[in-house]
1. Add +1 for every Lys or Arg and -1 for every Asp or Glu among the other residues with Cβ under 15 Å from the Cβ of A:Gly120, and state the total.
2. Using a 1.4 Å probe over the heavy atoms of the protein chains, calculate the carbon and sulfur portion of the accessible area of region B:159-210 as a whole percent.
3. Mind checking A:642-650 for the average number of partner chain beta-carbons within 10 Å of each residue's beta-carbon?
4. Go through A:306-313, A:6-13 and give me the packing order, highest mean Cβ count within 10 Å leading.
5. Obtain the nm distance between the two label points defined at A:Asn425 and B:Thr129 by a simple spin-label model: each point lies 7 Å from its Cα along the Cα-to-C-beta direction.
6. So what are region A:84-205's ellipsoid semi-axes, whole angstrom, largest first, if each one is the square root of 5 times an eigenvalue of the alpha-carbon gyration tensor?
7. Calculate the mean, over all residues of peptide C:39-49, of how many other protein chain Cβ atoms lie within 10 angstrom of the residue's Cβ.
8. Which FRET efficiency value, to the nearest 0.05, is calculated for A:Gln9 and A:Asp61 with the Förster distance at 45 angstrom and r the Cβ-Cβ distance?
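The values are calculated or read from the model by the stated rules, or taken from the named source; none is laboratory data. Note that this is a predicted model, so its numbers are computed, not measured. Cβ placement follows ideal geometry from the backbone for every residue including glycine, while neighbour counts extend to all protein chains displayed. Areas reflect the complete protein model, heavy atoms only, side chains present, ligands, DNA and RNA absent. Shrake-Rupley method; radii C 1.70, N 1.55, O 1.52, S 1.80 Å.
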Amino acid sequence: MNWELIFGQIKWTSFVFAGMIENPSLSEAIASGAGSIAVLGALGTVVLLTVKGWWVPLWRDWLTSVDHKKVGIMYIVLALVMFARAVIEAALMRAQQLAATDGGGFLSADHFGQLFSTHGTIMIFFVAMPFITGLMNYVMPLQIGARDVSFPLLNAISLMLTMAGAVLIMVSLVVGQFSTGGWSAYPPFTGIEFSPGEGVDYWIWAVSLGSIGSTLTGLNFAVTIYKKRCPGMSLFRMPLFTWTTLCTSILMIFAMAPLTAATIMLALDRYAGFHFFTNGDGGNMMNYANLFWLFGHPEVYILILPAFGVWSEVVATYSSKRIYGYTSLVYATMCIAVLSFAVWLHHFFTMGQSANVNAIFGIATMIIGVPTGVKVYDWLLTMVGGRIRLTTAMLFHINFLLTFILGGMTGVLLANPGIDFQVHNTLFLVAHFHNMIIPGVLFGMFAAVQFWFPKAFGFRLHEGLGRASFWCFAPGFLLAFFPLYWLGMMGATRRTFTWSNPDYLPWFALAMLGAALILAGFAFMVMQIVVSVRRRAELAAPLGDPWDGRALEWSIPSPPPAWNFAVLPQVTARDAFYEAKKDGTAYRSPAAYEDIEVPRNTATAPLIGLFACAWAFGLVWHIWWLVIVSFVLIWAVVIARSFATHTEEIVPAATVKAANEAFLAAVRATPGVTRDQEMTAANRGRAIPESLEASAGALAAGAAVEVTR
Amino acid sequence: MSLSERLHPGINLAGTDPESHEAAEEVLFGFWIFLMSDLVLFAVLFATYAAMSVQGIAEGPRPAEVFDLTAAFLETLLLLFSSFAFGFAMLEMKYRENRRGVLGWLLVTGLLGAGFVGMELHDYYVMVTAHGATPQTSGFLSAYYLLTGTHALHVSSGLVWMAVMAVQVVVFGLSPAVKLRLMRLALFWHMLDVVWIGIFTFVYLYGVVS
Amino acid sequence: MSNRAPANLPASDIEDEGHERRSYVIGLVLALVLTTGAFAVVWFDLFSGAAALAALGLLAVVQAVVHLRYFLHIDLQRSHRDDLLLILFTVLILLIMVSGTIWILYDQHMRMMP
């Protein structure tokens, strides 16, 4: 019996626990522990779902759903789960580096290599990307007054492909090893000659699945914003988060293709002996760096632009002021989007091209700092004279402004090729990009969760625990990463599992302390969600507008109904909902209701995700029957779906009317709250606009709400 | 040029309600975006080929030694005429709603496309057997096989799609959904012909000239 | 679905099969001429060296425009604005990516020559 035909290259020694049995050590024990957590976590989930009888609701209400809101929430849940793994890996690496004078430490070099590779890959492709994608999914259609994205099924397919990639990375904890080539996986190290195992293949296929998912997402969102805006919502009336979503989508459409090309070439090198990036036979590994960063640099802006959008919404809302310099923010976003395609070479200044090439790309890199600077001034000026409430989200915003500027400065330093040659591949660089991504993107996403959580679930998050998490995260970040600037300038190289210079020790100790604080911050965040769910009755804000919001998403109930808007809104200005509240035209009953078509749930997307995951797993382990069968099945599902005719169902006008009138009646019956009471139990989600607080009496229950029939 | 042609070239939506227009516009715009994203993929492969066909020869043959221009010319004609034939399938769909006409022209398109793929496979066969020019020989040949192979794979998936659409035309008739899908297939097919212009020029002709 | 155009459309906007059929035929003829021209440049050695490359590149660009105009029905005045903008933006990105890649790789290659 030829087992290889059935199991490919999987042997019993491929399982992580075999390493522990054959070669016991602390490093192997940690690997086995991580594998056990993955297995036990999966088993625990299965048991929980079975005991609680949640399998059917999970399948019926979530996995088969094509509702953009549910897809968005699933993306964010995926991001948080993957974040838990990657942040623990980061802490492990810090601990290793602290313990690793003169070859000490408890991790093997190979294990350390896997840790920084999975940490980077997960954080970029399976935390940051799903987080921003989930957020854009949830918020953007609500902000433009649409009932869903343009292609709801495609949206679900994107999610399931991303999830398939994430599952593949989780599987690599248990079966086999992951790549040790870093998140950028440079050949020739990742070629078959130097990385003969399955690790790089895990990286290739996980990233490829995520990348295809992102391309489809970008396409979907761009069409949605171009074609599905509600009447009156001209481009220059769109909220800034929607603008940044549009620019990010455009980047996704164009930037993912070079990554796909690079991973396909690397795969062909490894699987079929091609010579794209090999040392000999005419291969050129520098082209890999070129292709990877053709994707990689726009990717940086794919991540940060939606966060910029979040910051714009947060600062305007919690300052109770219209955003300063709307137009300049829009044009700055566009400039960044276009320029981001013209700076990719600054990731490999040291690769040997002539000084002229470096100079051009260095200058382009410095120029891209200008529109970002414009944005910072706009956010600062928005706060001037505003009524600022220091909520958790706002604290994150102020922290962002302070630390992001420092990170931006070090970025401008690195844009100078002369300086880059000195600190290239040191911890200085690691400090720089974490300084952009953590206060910028990650904290932006955390702020977004604080801000939009009540919209998605109908109750606010516990404010005290939110602040506690902030006061761990913010100093934790500073402690964890600012020492790395010093270490980098002292010559400490990145991705190094051991060192011998005694001067490094205090700085690594500080960084470890910071990492511990970040873990504590994450623990507080989890606690905040748990506590808030328990106390959801007192935190409830079902009327939809807890923060005196400005864009359309706040005008509908929390959580919104499946059809979002009972009647498509008519927009006449920016900050449409805020203006309506001010003019007293908010919460009016529409003259008439109509039937609404919504897409039916379908098993298409989860099936495609499942088969894509099996396909990638087969490729990693050379299980060719699985590769062929799952590939055929993917396309069989697609073709079968194209023959389905009853893909939509009708929500009758009467249902919509009943739900919406009940909501409006509840709004009218509830007294509005002022900004001072925002964090009290009185806040049920009906806000008195800040500008009308003086005449608050007039807005007591039932008053001042006109009804037009 | 007519109104609906301007909005969604080639599809006849005149006389239908505005909602179908809107839906068609979304779907076709989305497909244009997909095509552009695909075009970026090809562009990257072209750029890689442009560098490797000069720098990645190693011990292997040079482009001029392995390319057969006559075959490339015939392949160009096959693809061009199949594009043209698809245009006539669209005319049948748009002006006569004639199932037989549409199916007939699709068959012509498909046969020409299949001929194209067949000729390319024959090219590969000749290169490997007569010149020993496998993709494993050199960076140049790796890039050549990937670029032309990706295009051939696109054409082949277009052929499968065409077969599925032929079945749908029979099963559903020329319903709005089927029309929209045919329209997208047409865009896909014409775009592959545009990509082929790049291949015969920058791969075959440039390779032989320089 | 009806074939008839609605009555309220101006006469010039009525669907015109002849016009569209002509468009495909013109496209085919132009494409044939341009393709044959490109191959002729090589077969009959009409130009040499850089001139040949320039001529071939020019013919390819013109033929791509012909395909876009006559087969894909994109033109500057009357196309749907979103589609046209999308194509133009794509061309910009393509130019940046392709020219940048070729520039970088050739520059590195020149500096590696023994």
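1. Residues near A:Gly120 contribute +2 overall.
2. Carbon plus sulfur share of accessible area: 75 percent.
3. Mean shielding by partner chains, rounded to a whole number: 2.
4. Packing order, densest peptide first, comes out as A:306-313, A:6-13.
5. Between A:Asn425 and B:Thr129, the label points sit 4.8 nm apart.
6. Those come to 34, 18, 11 Å.
7. Across the residues of C:39-49, the mean count of other-chain Cβ atoms within 10 Å is 3.
8. In this case the efficiency is close to 0.70.
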